[in-house]
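Structure first, then comments.
The values are calculated or read from the model by the stated rules, or taken from the named source; none is laboratory data. What you see is a predicted model; the values in this text were computed from it and never measured. Glycine gets a Cβ as well: all are built from the backbone with ideal geometry, and neighbour counts include every protein chain shown. Only protein heavy atoms, including side chains, enter the accessible area calculation; ligands, DNA and RNA are left aside. Shrake-Rupley method; radii C 1.70, N 1.55, O 1.52, S 1.80 Å.
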Amino acid sequence: MSPLPGVAVRCVDVQQTFSVDGEDVHALSGIQLAVDARERIAVFGPSGSGKSTLLALLAGLRRPSSGSVWIGDTEVSSLSERQLLRLRSGDVGIVVQNPSRTVLPYGTVEDNILFAQRAVRRERQGALPKPSDLLAELGLAALIRQRAAALSGGEQQRVAVAVALACAPRLLLADEPTSQLDGHSRDLIVELLVRAGRVVGATQVVVTHDPVVADACDRRVTLSEGRVVDGGRRERWAQG
Ligand SMILES: Nc1ncnc2c1ncn2[C@@H]1O[C@H](COP(=O)(O)OP(=O)(O)O)[C@@H](O)[C@H]1O
Ligand SMILES: [Mg+2]
């Protein structure tokens, strides 16, 4: 596998407001964020600070109330539903807290990778890694024939990372990927994300509460009450 160039990500004055019982909840306010291609950032912050909402916007799972989200030259909120589906099934990989929401229990690890790859449009199928190659490069070759249901929680989460990388995404998003794991399994996920950066080349945005995970990233961005309070590289915006 040869690594892809990754992709730069930018949020420009992003607001996300939800209406809850007629009251406005400002989940994100004036978010300015720039992530370089192939950079790995940690998004830190207390519960309710807007971390998952930010990931949902980067994944194209929702459109911001205002402002713009860019993945490379593409403004995500300008995309049609069909284009968004394409973005989610190829260009962006997502890892969530609980691997049982990603991994199909009755399939083998290889089945899981192949199933994820079926979502990619035909022109790109040829560019996808073979499951055996991907798993070998990620250090997970021994799991290929295992049934996912038979794996431990930590192994399942490593498989979930491999599944998220199955379509050679240029952007990998992870929402508290280690919060349900013990220290050892956490360390293996950290190692896997670092390796994924090298092998696949994806830019990474990792939401985490864990300082060990954050320290393995190139930069830490801290959210508080829906605002970036540290690390968003505001100097760039000041320069205009
Ligand atoms: N779909 C939604 N509807 C209403 N409020 C929401 C929704 N999603 C998130 N929120 C609110 O937005 C804020 C940020 O939530 P979230 O992004 O989940 O934070 P975090 O991931 O940092 O814990 C919270 O106040 C939460 O209650
Ligand atoms: Mg969250």
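The shape of the chain comes out prolate: with a ≥ b ≥ c from the C-alpha gyration tensor, a/c is at least 1.5 and a/b beats b/c.
Over the Cα atoms of segment 154-240, Rg to Rh with Kirkwood Rh, two decimal places? Result for segment 154-240 is an Rg/Rh of 1.01. A dipole drawn for segment 98-155 from +1 and -1 charges on Cβ atoms has a positive end, and of Leu143, Val109, Val120 the residue lying farthest that way is Val120. Modelled this way, with points 7 Å down the Cα-to-C-beta line, the labels at Ser47 and Gln125 are 4.5 nm from one another. Relative to the Cα centre, the charge distribution of segment 34-84, modelled as +1 at Lys and Arg Cβ and -1 at Asp and Glu Cβ, gives a dipole magnitude of about 200 debye. With all protein chains in place and ligands, DNA and RNA left out, the 1.4 Å accessible area ranks Asp215, Asp230 as Asp215, Asp230, largest first.
In the neighborhood of Asp182, defined by Cβ-to-Cβ distances under 14 Å, what is the net charge if each Lys or Arg adds +1 and each Asp or Glu adds -1? Could you put the intermediate results ahead of the total?
Numbers: positive: Arg158, Arg186; negative: Glu155, Asp187, Asp210.
Combined, the nearby Lys, Arg, Asp and Glu give -1.
Placing +1 on the Cβ of every Lys and Arg and -1 on the Cβ of every Asp and Glu, with no other charges, gives segment 1-99 a dipole of roughly 360 debye about its Cα centre. What distance in nm lies between label points placed 7 Å from Cα along the C-beta direction at Val12 and Ser65? Reported label-point gap for Val12 and Ser65 is 2.1 nm. Charge dipole of the chain (Cα centre as origin; +1 on each Lys and Arg Cβ, -1 on each Asp and Glu Cβ, all else neutral): 720 debye, rounded to the nearest 20. Just how far, in whole angstrom, is segment 141-181 from segment 1-70 if you go by their alpha carbon centroids? Their Cα centres are 23 Å away from one another. As a rough guide to protection, the peptides 197-203, 41-47 ranked by mean Cβ packing within 10 Å, highest first, stand as 197-203, 41-47.
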